[in-house]
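Engineer: Supplied in structure tokens, the structure appears directly below.
The values are calculated or read from the model by the stated rules, or taken from the named source; none is laboratory data. Everything numeric in this text was worked out from a predicted model, so none of it was measured. Every residue, glycine among them, receives a Cβ derived from its backbone with ideal geometry; neighbour counts consider all protein chains shown.
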DNA sequence: TTGTAAGCGTTATCAC
DNA sequence: GTGATAACGCTTACAA
């Protein structure tokens, strides 16, 4: 963190408040009432005679008075601020989820702070600390790894917490996530039904529950068919580059896999790009399926078979759970909401239309 | 794990603070020093003997003390919080820009509040009001329309402001945006050079500077070639649906346009989708160009000729300008940073490769 | 090197 | 209906 120059020596002449920085006291003076009366008028709490109300409102308008929430929050212990700590808002899944969170927060009169951790536990810890210091009313967290250090920090402050997208093994917290095991299982079954016997799995880092669970679902489907998938599992990062790289390696295998399961959207794009560059037709020579769909908004024509997650709704749900905790004091037991992904079969794993596209 | 206990009913026994909600006073007592000394230690301002420092740090750790930034900010008049008010973070251009802003803010120790206005002036005004009440240190705004109501609010509070992506006609404020006129001019020239004489322009709402300016650049290029573009200009929203709809209408014209210029990424996708559904080959029968590129991350193979904006860098720059204002008191004149778009010619407007694709 | 006192702008509590 | 007073948790200004 950089150093920050100390604020200008406050030359605040009491009788001449800088225009637009009036305080409740200035308003009170101008309206000829006590500060608390102004407070009651602007918060619509307590009674005020129409005449008083009018005078106060006139003073507010005349001075361009803007209440200082800092002071209010210091007293009321509510900041009306939520935080969303995710790995990378650039991933369309998280973009949409974030939008769901923001919309829901805004409806309830809450503002949202967004933080990108890039899968770094260290960044996550620093952000969480900052957020707690800011006294946010609640935090939605996409945990970077399997560790619970950040979670403990939050819990120690009694700040409501909801996990989004990923679970934290062995820790009971409010969670909203997709059924990764089930979705991966179904997608793998789909490939098996298509006759594939050499199915590769590209996934994310160890300790990230989505990466682990999608591998688990894949393995379950294979073993039900009496196969083992171990030697065709690859793990990298949830990025295009990683997907491209792992795919290149797979292409050199003998026999070559006839299908590739990408455990997230970025991996899938990396895979498709490598196949495209290598001139390998999809699904002609290699079928591709992915966990995570790409938003319809961003595609001319959907092509990829996928387990689609309701990202926006997941964000909404997470925000609602969180607001529940924030607004009601009632300490109910942790809730885990697991939504089913939608399995969408498209061209990338079937022979219905032309082979290569995007 | 146990459920989160209700914050102790404020029976705040002064000697026994609830674990994890200790104040600076608790720390001071435990360390046997004055609160101000604790403040000096944790802020690394002022001196403290190693022994004192150690005792304070031990007390902080023992109590799980988390400083309350609200109180700090109330005194120091710095919240270390910036806000980004944009139309829709779901648009990849804004997603990337937001990421640029957040990264830059985080580096400087600032946190970012994100607000989506959906092009609504009303929402914009409400958000801006909330943000000012929260005493954010600065605001980056993508103005929803040509009105300056929100801007006046911000300026009345002497809160630093930077406009992003769009200018506000007749108002001098720090601004970071792309050269829409120039980019549109070049893209249109490219189409003209390709022999096109019936070039349609799909743009956004009136009053949005990017929509207006891109039309202006288009018109300028046409008139330089002795043509008028008026009757092939369409205006809708910056959405897929709008693009699809306007494209359908264009297809019924006689003679049919041979090229379509989409003024943003969503419009372009709507256009391509409609053409695809109508079985019209691109660029075989209709060429397409767009302002805004789609992030490489999201595409298997780039196809669309475009004026690409450096979204991430624009976000960074906006944040830097803002932090400049926030950290330095020196009131310098408004700066306007206009970055050139990169014109990228791809298949959608040339005959080099296969006709229809992504 | 450390401490005292005051105040940041608001609201809770109790009084009139 | 309206007001006086104290407090929220911290830091600035000044003192020792």
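Engineer: Which of the residues that make up segment A:42-60 are closer than 19 Å to residue B:133 by Cβ and either near DNA strand D (Cβ under 8 Å from one of its atoms) or surrounded by fewer than 18 Cβ atoms within 10 Å (Cβ to Cβ) (or both)? Quick ask: steps written out before the conclusion?
Structural biologist: Of segment A:42-60, the ones closer than 19 Å to residue B:133 by Cβ are A:42-45, A:56-57, A:59-60.
Correct list: A:42, A:43, A:44, A:45, A:57.
Engineer: Here's something else I'd like to know. Identify, by number, the condition in (1) more than 24 Å from residue B:68 (Cβ to Cβ); (2) within 8 Å of DNA strand C (Cβ to nearest atom); (3) assigned to a helix (DSSP H, G or I) that residue A:28 doesn't meet.
Structural biologist: For residue A:28, the exception is condition (2).
Engineer: Let me ask something additional. Residues of segment A:230-243 being closer than 21 Å to residue A:94 by Cβ and either buried (at least 17 other Cβ atoms within 10 Å of the Cβ) or at pLDDT below 95 (or both), which ones? Quick ask: steps written out before the conclusion?
Structural biologist: As a first pass, look at segment A:230-243 and keep what is closer than 21 Å to residue A:94 by Cβ: A:235-243.
Scanning segment A:230-243 gives A:235, A:236, A:237, A:238, A:239, A:240, A:242, A:243.
Engineer: Given (1) surrounded by fewer than 21 Cβ atoms within 10 Å (Cβ to Cβ); (2) part of a loop (DSSP other than H, G, I, E, B); (3) within 11 Å of chain A (Cβ to nearest Cβ), identify the lone condition not met by residue B:33.
Structural biologist: Going through the list (1) surrounded by fewer than 21 Cβ atoms within 10 Å (Cβ to Cβ); (2) part of a loop (DSSP other than H, G, I, E, B); (3) within 11 Å of chain A (Cβ to nearest Cβ), residue B:33 breaks only (3).
Engineer: Let me ask something else about it. Which numbered condition in (1) under 30 Å from residue A:244 (Cα atoms); (2) buried (at least 18 other Cβ atoms within 10 Å of the Cβ) is the only one that residue B:326 fails?
Structural biologist: Answer for residue B:326: the failing condition is (1).
Engineer: Shifting gears a bit: Can you tell me how many residues within segment A:321-341 are touching a helix residue (DSSP H, G or I) at 6+ places or on another chain (Cβ under 9 Å) and assigned to a strand (DSSP E or B)?
Structural biologist: Residues flagged as touching a helix residue (DSSP H, G or I) at 6+ places or on another chain (Cβ under 9 Å) and assigned to a strand (DSSP E or B) within segment A:321-341 amount to 3.
Engineer: Taking interchain pairs and intrachain pairs at least six residues apart, which have beta carbon atoms under 7 angstrom, with the first residue in segment A:107-118 and facing chain B (nearest Cβ under 7 Å) and the second in a loop (DSSP other than H, G, I, E, B)?
Structural biologist: Pairs that qualify, where the first residue is facing chain B (nearest Cβ under 7 Å) and the partner is in a loop (DSSP other than H, G, I, E, B), are A:111/A:80; A:111/B:134; A:113/A:136; A:114/A:89; A:116/A:87; A:116/A:88; A:116/A:89.
Engineer: Take segment B:61-78 and flag every residue that is more than 10 Å from DNA strand D (Cβ to nearest atom), more than 7 Å from chain A (Cβ to nearest Cβ) and touching a helix residue (DSSP H, G or I) at 6+ places or on another chain (Cβ under 7 Å).
Structural biologist: B:62, B:63 - these are the residues of segment B:61-78 that are more than 10 Å from DNA strand D (Cβ to nearest atom), more than 7 Å from chain A (Cβ to nearest Cβ) and touching a helix residue (DSSP H, G or I) at 6+ places or on another chain (Cβ under 7 Å).
Engineer: Still on this model: Listed residues B:217, B:194, B:243, B:170; which is touching a residue at least 40 places away in the same chain (Cβ under 8 Å) and under 24 Å from the mean Cα position of the chain (by Cα)?
Structural biologist: Checking each option against the conditions leaves just B:243.
Engineer: Kindly indicate whether residue B:300 is surrounded by 15 or more Cβ atoms within 10 Å (Cβ to Cβ), within 14 Å of chain A (Cβ to nearest Cβ) and under 17 Å from residue A:301 (Cα atoms). Spell out how you get there, then give the answer.
Structural biologist: Details: surrounded by 15 or more Cβ atoms within 10 Å (Cβ to Cβ): yes; within 14 Å of chain A (Cβ to nearest Cβ): yes; under 17 Å from residue A:301 (Cα atoms): yes.
Against the criterion (surrounded by 15 or more Cβ atoms within 10 Å (Cβ to Cβ), within 14 Å of chain A (Cβ to nearest Cβ) and under 17 Å from residue A:301 (Cα atoms)), residue B:300 qualifies.
Engineer: Something else: Show the residue pairs that are 6+ apart or on different chains and have beta-carbon atoms under 6 Å apart, the first residue being within segment B:84-100 and more than 9 Å from chain A (Cβ to nearest Cβ), the second being crowded, with 23+ Cβ neighbours inside 10 Å and modelled with pLDDT under 95.
Structural biologist: Pairs found: B:93/B:292.
Engineer: Working carefully through the options B:176, B:136, B:181, find the one that is within 30 Å of residue B:72 (Cα to Cα) and modelled with pLDDT of 95 or more.
Structural biologist: B:136
Engineer: Restricting to segment B:247-286, name every residue that is within 14 Å of another protein chain (Cβ to nearest Cβ), outside any helix (DSSP H, G or I) and over 21 Å from residue B:193 (Cβ atoms).
Structural biologist: B:264, B:278, B:279, B:280
Engineer: Going by the structure shown, is residue B:85 in contact with a helix residue (DSSP H, G or I) (Cβ under 7 Å, 6 or more places away or on another chain) and within 9 Å of DNA strand D (Cβ to nearest atom)?
Structural biologist: No: the conditions fail for residue B:85.
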